[in-house]
Amino acid sequence: MIFSRYNYLKSSKKFGSFLFNTRTKFFVSLSECVYSKLIDVSDGHEFDVESLNLSQNIVEQFVKGKVFVETCEDDDFYELKKFLRYKQAFSQNRLGLVLVPTFTCNFKCPYCYEDNLPHLSMGNEVIDAIISFIKNKGQNNIDICWHGGEPLIAFDKIVSFLNRLNKENGLKLCSHSMVTNGFLLDEHKCKVLNSHRLSRIQITIDGDREYHNKSRLHKSGATTYDTIMANIENVFNYMPECHVIIRVNLHSENKEAFPKLYKEIKTSFGNKNYSINIAFVNDVNNSCRVACLADKGKAAYVRTLYESYGITDIDTPANPQIGGCTASCTNSYVIGPSGEIYKCWVDVGKKERVISNVFDGKLFNYIYSSYTVGSDMFSDDRCKNCVFMPICDGGCIIRRYNSKHFHIPYDPCPIDENDFLSLLELNYFKSTTNK
């Protein structure tokens, strides 16, 4: 047998030695004796299990947890994940559409990657063409997500499209979501969206009232925090089945304000239908005007939240995943206000990233294939033997594409080895203190 390359074997100064298998989530603390023996066989070469002089119980646990595997098993698992990823990527069972009804936005956030886009909104001819595009695709199951700009600025276009879609026999809206800044989400709009079964809505708050009003800037100069908080309450009141994702974009200037915001959210909304999601601001398009944070620091930050503030429900999951996104799935598209089609949300407004349009549906370039199979983790040799491969999506496809085609430097790995140890220490601490 061999010691699996998906074993994360580390010594913690606080808690001793850990072993975590990223494929099976097998997690155990080790005696120094067992840790030393595992270090000796961790070079990937075959060994005789009996030579380790471990108890039968420990050996059985290690075999069951895929700590010890047959020689080709890690490669087989890698190929299985690749197969499942591409099976998902090429699936034609559902049609996923991110619809951008307008480029216009009423905010001027300093980290926005859609800065300086023209003030365009969908016309009726584009809505008609999108309906035809859907019907020509031949899929009856549709996933819709509204994006922008700020989509609620073009609320009349959203309603017009949804009314048209509802009249089409045989088309089923399987999931319906929206990404909005929440400033225009009044009672009337909530009631209308509820009638169209909007099931998930993401709204961003970037800190407590004082910081948010400096960061999430309205173009008119108006403050936005109180309006957004009141409008989230509108969702709870008039869209009770709709889950609110409160997104907090963190960067070096506001990360210290999050605990105060967290307390305010919990005090205001209690146990209502929402979750809190933190995202580190990355400079995707070299247009960010704040000090960004690398995703690799997220685990350490979450640990600080727990240890310093007792915040327990902000997680960095370490679960095996297949991965994938709109950019990597062949039956998912981002449609702009003129009917132009992109493959990634961050490509919106870039003429050089348009792959087609809803009027003729013909592909114009190689981005479609390059995103799907040319820029994912399976196109990157560094990912195959990485210990984090089972729980990682391989990082951002667009950044890997930009690195390959335009030589823009990018570290594809979103997981830092030392931060992951910090995450395991946190999980171990939670498990021992909750007993």
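The values are calculated or read from the model by the stated rules, or taken from the named source; none is laboratory data. In this text, all values refer to a predicted model and were calculated from it rather than measured experimentally. So basically every Cβ, Gly included, is an ideal-geometry build from the backbone, and we count neighbours across all protein chains shown. Each accessible area value is taken on the protein alone, full model and side chains, heavy atoms only, with ligands, DNA and RNA left out. Shrake-Rupley method; radii C 1.70, N 1.55, O 1.52, S 1.80 Å.
Worth pointing out:
- The helices (runs of 4 or more DSSP H) found entirely in the stretch 329-435 that carry 1 or more residues being among the acidic types (Asp, Glu), within 17 Å of Thr316 (Cβ to Cβ) and within 22 Å of the chain's Cα centre (by Cα) are 417-433.
- Considering the stretch 355-388, the residues that are among the charged types (D, E, K, R) and either touching a helix residue (DSSP H, G or I) at 6+ places or on another chain (Cβ under 8 Å) or open to solvent by less than 50 Å² (accessible area, probe 1.4 Å) (or both) include one that is farthest from Pro320 (Cα to Cα), namely Asp380.
- Residue within the stretch 313-334 that is open to solvent by 60 Å² or more (accessible area, probe 1.4 Å), at pLDDT below 85 and closer than 26 Å to Pro101 by Cα present: no
- Residue, least open to solvent (accessible area, probe 1.4 Å), within the stretch 218-235, restricted to residues that are touching a strand residue (DSSP E or B) at 6+ places or on another chain (Cβ under 9 Å) and in a loop (DSSP other than H, G, I, E, B): Thr224
- The criterion of being among the aromatic types (Phe, Trp, Tyr), surrounded by fewer than 21 Cβ atoms within 10 Å (Cβ to Cβ) and outside any loop (DSSP other than H, G, I, E, B) holds for Phe155.
- Conditions (1) open to solvent by 80 Å² or more (accessible area, probe 1.4 Å); (2) in contact with a helix residue (DSSP H, G or I) (Cβ under 7 Å, 6 or more places away or on another chain); number of the one not met by Glu46: (2)
- Residues that are at negative phi, open to solvent by less than 10 Å² (accessible area, probe 1.4 Å) and of a type in the set (Gly, Ala, Ser), drawn from the stretch 389-411: none
- Cβ-Cβ contacts under 8 Å between residues 6 or more apart (or on different chains), taken from a first residue in the stretch 361-378 that is under 16 Å from Ile335 (Cα atoms) to a second residue that is exposed (fewer than 14 other Cβ atoms within 10 Å of the Cβ), are listed as Gly361/Asn136.
- Odd one out for Ile39 among (1) in contact (Cβ under 8 Å) with a residue 12 or more places away in the chain; (2) out of contact with any Phe, Trp or Tyr (no Cβ under 9 Å at 6 or more places or on another chain); (3) open to solvent by 50 Å² or more (accessible area, probe 1.4 Å); (4) within 30 Å of Gly324 (Cα to Cα): (4)
- Residues of the stretch 166-188 that are at pLDDT 95 or above and either part of a loop (DSSP other than H, G, I, E, B) or within 24 Å of Trp345 (Cα to Cα) (or both): Ser175, His176, Ser177, Met178, Val179, Thr180, Asn181, Gly182, Phe183, Leu184, Leu185, Asp186.
- Residue match in the stretch 73-96 (condition: closer than 30 Å to Glu253 by Cβ, in contact with a helix residue (DSSP H, G or I) (Cβ under 7 Å, 6 or more places away or on another chain) and open to solvent by less than 70 Å² (accessible area, probe 1.4 Å)): no
- Which listed residue, of Ile415, Ile391, Ile398, is touching a residue at least 12 places away in the same chain (Cβ under 8 Å), among the hydrophobic types (A, V, I, L, M, F, W, C) and under 25 Å from Pro118 (Cα atoms): Ile398
- Test: residue in the stretch 128-140 that is assigned to a loop (DSSP other than H, G, I, E, B), more than 21 Å from the chain's Cα centre (by Cα) and aliphatic (A, V, I, L, M): no
- Only a single criterion out of (1) in contact (Cβ under 8 Å) with a residue 24 or more places away in the chain; (2) part of a loop (DSSP other than H, G, I, E, B); (3) surrounded by fewer than 17 Cβ atoms within 10 Å (Cβ to Cβ); (4) touching a Phe, Trp or Tyr at 6+ places or on another chain (Cβ under 9 Å) is not satisfied by Val28, namely (2).
- Residues in the stretch 2-43 that are at positive phi and in contact with a helix residue (DSSP H, G or I) (Cβ under 8 Å, 6 or more places away or on another chain): 1 in all.
- For the stretch 107-143, the set of residues classified as under 30 Å from Tyr211 (Cα atoms) and either modelled with pLDDT under 90 or touching a Gly at 6+ places or on another chain (Cβ under 9 Å) (or both) consists of Lys108, Cys109, Pro110, Tyr111, Cys112, Tyr113, Glu114, Asp115, Asn116, Leu117, Pro118, His119, listed by residue number.
- Pick from the stretch 31-48, criterion assigned to a loop (DSSP other than H, G, I, E, B) and of a type outside the set (Val, Ile, Thr), ranking: farthest from Ala318 (Cα to Cα): Asp48
- First in the stretch 261-282 and in contact (Cβ under 8 Å) with a residue 40 or more places away in the chain and under 17 Å from Met239 (Cα atoms), second anywhere and open to solvent by less than 50 Å² (accessible area, probe 1.4 Å) and of a type in the set (A, V, I, L, M, F, W, C), Cβ under 7 Å, 6 or more apart: Tyr274/Val244; Tyr274/Ile246
- Residues in the stretch 105-142 that are within 30 Å of Asn249 (Cα to Cα), crowded, with 18+ Cβ neighbours inside 10 Å and free of Cβ contacts under 8 Å to residues at least 60 places away in the same chain: Ile142 alone.
- Of residues in the stretch 57-90 being more than 31 Å from the chain's Cα centre (by Cα) and in a helix (DSSP H, G or I), the one farthest from Lys25 (Cα to Cα): Asn57
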